Amino acid sequence: MHSYISLKDVVFSRSGRRIFNGVSVEIPRGKVTAIMGPSGSGKTTLLRLIGGQLQPDSGQIMVDNQPISKLGRTELYAFRRKMGMLFQSGALFTDLSVYENVAFPMRVHTSLPEDMIRDIVLMKLEAVGLRGARELMPSELSGGMNRRVALARSIALDPELIMYDEPFAGQDPIGMGVLVKLIHDLNSSMGLTSVLVSHDVKESLSICHYACIIADGKVIGAGTPAELQEHPSEQVQQFLQGQPDGPVPFHYPSPAAAADFGLAGGAS
Amino acid sequence: MIDRIASFGRSGTELVVSLGRASRFLAGVLWGVPRPATGFPLLLKQLYSVGVLSLAIIVVSGLFIGMVLGLQGYTILSDFGSEAAIGQMIALTLVRELGPVVTALLFAGRAGSALTAEIGLMKATEQLSSMEMMGVDPLRRVIAPRLWAGFIAMPVLAIIFSMVGIWGGMLVGVEWLGVFEGSYWGNMQASVDFWDDVVNGVIKSVVFGFVCAWIAVYQGYDCVPTSAGISSATTKTVVYSSLAVLGLDFVLTAVMFGNF
């Protein structure tokens, strides 16, 4: 497997809390890789580490053979032109129309003539099915449309890598189906390396070639979707099958119930 | 007692850390000057938002402050039979002090709070992060034009404030209370020195503009990206800017007009 992204023994803490305790992940080039895990397990943090927005305490993060955490500010900003990222909120610029949002990266990074920018913007919007919405403002879009426009913007410069941060969160079934199809089609048609962070197991496993599950600051399971379904770890199976109790307990750690409720024999 | 000392020390440390972060932030903004082709349109847009949209409050406030100065000045000076000096009094008060200071306070309340809220919301809605991930430095694209716009707009607004105030004082002193118009303008021309009074007043407003804009953009960029965080940052912008302006005004006045 030829890796596009490689994380080796990454340790990362924030506000005194250890988020990753020696995480190692290999993300293959040209494939869809799903990073899954319970809420608060650090999935979005992992994307920010890959994008160089956060620095690890120790360990190595290589993206396209570049040590992303060691690049200088100018090199890092130049390198990010190869990346696209779809944020959970879409993160569209609220003072720009749909058209101008998609045109933004081209206006900043290229000196293409206006008619060429127009053609590319319309092609990208066509790819996400929103060519007709180009005059709308972000406030006039639904949540799903917002993310599709953000997706069009993130592929405007034809990146090599695209990262999706919880793309299915808060989507209705149709919107979710559209996004699943778009992620799959874009990856195969553009030859992108895609990293998908989600806790929507069914949708993620349906389009990914490779997946890993993160919990408790480490990778608890990795492999193809079929391999994960057969994974021996109880914690992996609890997550994949959505069981309310198991290695991850239903109850948050608490003192004995008898003591809390003041029942006989419980007082200490 | 020990707890109090520890708490005092902690507050001092936090203040120094915060000042250090703000200085690094400022260095980053000043270092990353945008290219003229892309930076100038952004600067113009911010000059409109920060400067032109502040004109209404500046003009109305300047007019009323000038009129109040006219009324108060006439009442006090007429006791000594010196009401002819009202033009001189209004002009010196406005050009040296009230013009720069009141404009800066109004600027912090209108434009400074708007800058903080706008940048804070951009942070909360991940617009700044998305910009970073597109390879666009938000310090250059978002922060620098707003900082420079505040720096440029403030002296211009202060000059307009003083001019409107002087005109408002004339309306009351000359048109209403009957002070001879020749005395109003003549005494003003004889006593207001361009370098000592006007230029020093403009220097003050340049300093206030820089400090107010710096505080506003830093508070927005550094805020906790939640509704409570943005609210707190906006309040801090107005409070810190007002205190900084009043404190700096004392220092600058002592240096410029102290004659020690």
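Working only within the stretch A:97-106, note down all residues that are touching a helix residue (DSSP H, G or I) at 6+ places or on another chain (Cβ under 7 Å) and more than 24 Å from A:Ala169 (Cα to Cα).
Within the stretch A:97-106, A:Tyr99, A:Ala103, A:Phe104, A:Pro105, A:Met106 meet the criteria.
What about A:Phe20, is it more than 9 Å from chain B (Cβ to nearest Cβ), buried (at least 16 other Cβ atoms within 10 Å of the Cβ) and modelled with pLDDT of 90 or more?
yes
Spot the failing condition for B:Ala149; the list is (1) touching a Ser or Thr at 6+ places or on another chain (Cβ under 6 Å); (2) more than 14 Å from every other protein chain (Cβ to nearest Cβ), and only one is missed.
Unmet for B:Ala149, out of (1) touching a Ser or Thr at 6+ places or on another chain (Cβ under 6 Å); (2) more than 14 Å from every other protein chain (Cβ to nearest Cβ): (1).
Restricting to the stretch B:118-160, name every residue that is touching a helix residue (DSSP H, G or I) at 6+ places or on another chain (Cβ under 6 Å), closer than 21 Å to A:Ala78 by Cα, β-branched (Val, Ile, Thr) and not in a loop (DSSP other than H, G, I, E, B).
B:Ile143
For (1) touching a residue at least 24 places away in the same chain (Cβ under 8 Å); (2) charged (D, E, K, R), each residue gets a yes or a no:
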position: A:Lys82; (1), (2): yes, yes
position: A:Ser97; (1), (2): yes, no
position: A:Arg107; (1), (2): no, yes
position: A:Leu122; (1), (2): no, no
position: A:Leu161; (1), (2): yes, no
position: A:Met190; (1), (2): yes, no
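With the requirement that a residue be more than 7 Å from chain B (Cβ to nearest Cβ) and closer than 19 Å to A:Ile5 by Cβ, what does the stretch A:74-83 give you?
Listed by number, the residues that qualify are A:Glu75, A:Leu76, A:Phe79, A:Lys82.
Of all residues in the stretch A:123-154, which are surrounded by 21 or more Cβ atoms within 10 Å (Cβ to Cβ), of a type in the set (A, V, I, L, M) and within 14 Å of chain B (Cβ to nearest Cβ)?
Matches in the stretch A:123-154: A:Val149, A:Ala150, A:Leu151, A:Ala152.
For (1) of a type in the set (S, T, N, Q); (2) within 19 Å of B:Phe25 (Cβ to Cβ); (3) surrounded by 17 or more Cβ atoms within 10 Å (Cβ to Cβ), each residue gets a yes or a no:
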| residue | (1), (2), (3) |
| --- | --- |
| B:Trp176 | no, no, no |
| B:Trp185 | no, no, no |
| B:Asp197 | no, no, yes |
| B:Asn200 | yes, no, yes |
| B:Ile215 | no, yes, yes |
| B:Tyr218 | no, yes, yes |
| B:Phe257 | no, no, no |
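Quick one: is A:Ala127 in contact with a strand residue (DSSP E or B) (Cβ under 9 Å, 6 or more places away or on another chain) and not hydroxyl-bearing (Ser, Thr, Tyr)?
Considered against the rule, which asks whether it is in contact with a strand residue (DSSP E or B) (Cβ under 9 Å, 6 or more places away or on another chain) and not hydroxyl-bearing (Ser, Thr, Tyr), A:Ala127 comes out as no.
Looking at (1) assigned to a loop (DSSP other than H, G, I, E, B); (2) among the polar types (S, T, N, Q); (3) farther than 20 Å from A:Val128 by Cβ, which is the one condition that is false for A:Ser89?
In the conditions (1) assigned to a loop (DSSP other than H, G, I, E, B); (2) among the polar types (S, T, N, Q); (3) farther than 20 Å from A:Val128 by Cβ, A:Ser89 misses (3) alone.
Only one residue in A:His209, A:His184 is touching a residue at least 12 places away in the same chain (Cβ under 8 Å) and farther than 21 Å from A:Glu126 by Cα. Which one?
Only one candidate passes the filter, namely A:His209.
Can you find a residue in the stretch B:182-200 that is modelled with pLDDT under 95 and part of a loop (DSSP other than H, G, I, E, B)?
Yes: one or more hits.
Of everything in the stretch B:109-138, what is surrounded by fewer than 24 Cβ atoms within 10 Å (Cβ to Cβ) and more than 14 Å from chain A (Cβ to nearest Cβ)? Give them in sequence order.
Within the stretch B:109-138, B:Gly109, B:Arg110, B:Ser113 meet the criteria.
Give A:Leu71, A:Leu86, A:Leu92, A:Leu47 a once-over and let me know the one that is crowded, with 16+ Cβ neighbours inside 10 Å, more than 26 Å from A:Gln171 (Cα to Cα) and either charged (D, E, K, R) or within 13 Å of chain B (Cβ to nearest Cβ) (or both).
After ruling out the rest, the residue left standing is A:Leu71.
One residue is enough: does the stretch A:35-56 have a residue meeting the conditions in a strand (DSSP E or B), out of contact with any helix residue (DSSP H, G or I) (no Cβ under 7 Å at 6 or more places or on another chain) and not β-branched (Val, Ile, Thr)?
So far as the stretch A:35-56 goes, no, none of its residues is in a strand (DSSP E or B), out of contact with any helix residue (DSSP H, G or I) (no Cβ under 7 Å at 6 or more places or on another chain) and not β-branched (Val, Ile, Thr).
Within the stretch A:95-111, take every residue that is of a type outside the set (A, V, I, L, M, F, W, C) and either closer than 30 Å to A:Val10 by Cα or assigned to a helix (DSSP H, G or I) (or both) and give me the one that is nearest to the other protein chains (Cβ to nearest Cβ).
Among those that are of a type outside the set (A, V, I, L, M, F, W, C) and either closer than 30 Å to A:Val10 by Cα or assigned to a helix (DSSP H, G or I) (or both), it is A:Pro105.
Residues that are closer than 24 Å to A:His2 by Cα, hydroxyl-bearing (Ser, Thr, Tyr) and modelled with pLDDT of 85 or more: which helices (runs of 4 or more DSSP H) entirely in the stretch A:179-268 hold 2 or more of them?
Qualifying helices (runs of 4 or more DSSP H): A:201-207.
Name the one entry in A:Leu192, A:Leu186, A:Leu182 that is under 22 Å from A:Gly51 (Cβ atoms), out of contact with any strand residue (DSSP E or B) (no Cβ under 9 Å at 6 or more places or on another chain) and surrounded by 18 or more Cβ atoms within 10 Å (Cβ to Cβ).
After applying the criteria, what remains is A:Leu182.
If I ask for residues that are aliphatic (A, V, I, L, M) and under 27 Å from B:Val95 (Cβ atoms), which ones from the stretch B:211-238 would you list?
Of everything in the stretch B:211-238, those that are aliphatic (A, V, I, L, M) and under 27 Å from B:Val95 (Cβ atoms) turn out to be B:Val211, B:Ala213, B:Ile215, B:Ala216, B:Val238.
The values are calculated or read from the model by the stated rules, or taken from the named source; none is laboratory data. Everything numeric in this text was worked out from a predicted model, so none of it was measured. Note that each Cβ is placed from the backbone with ideal geometry, even for glycine, and that neighbours are counted across all protein chains shown.
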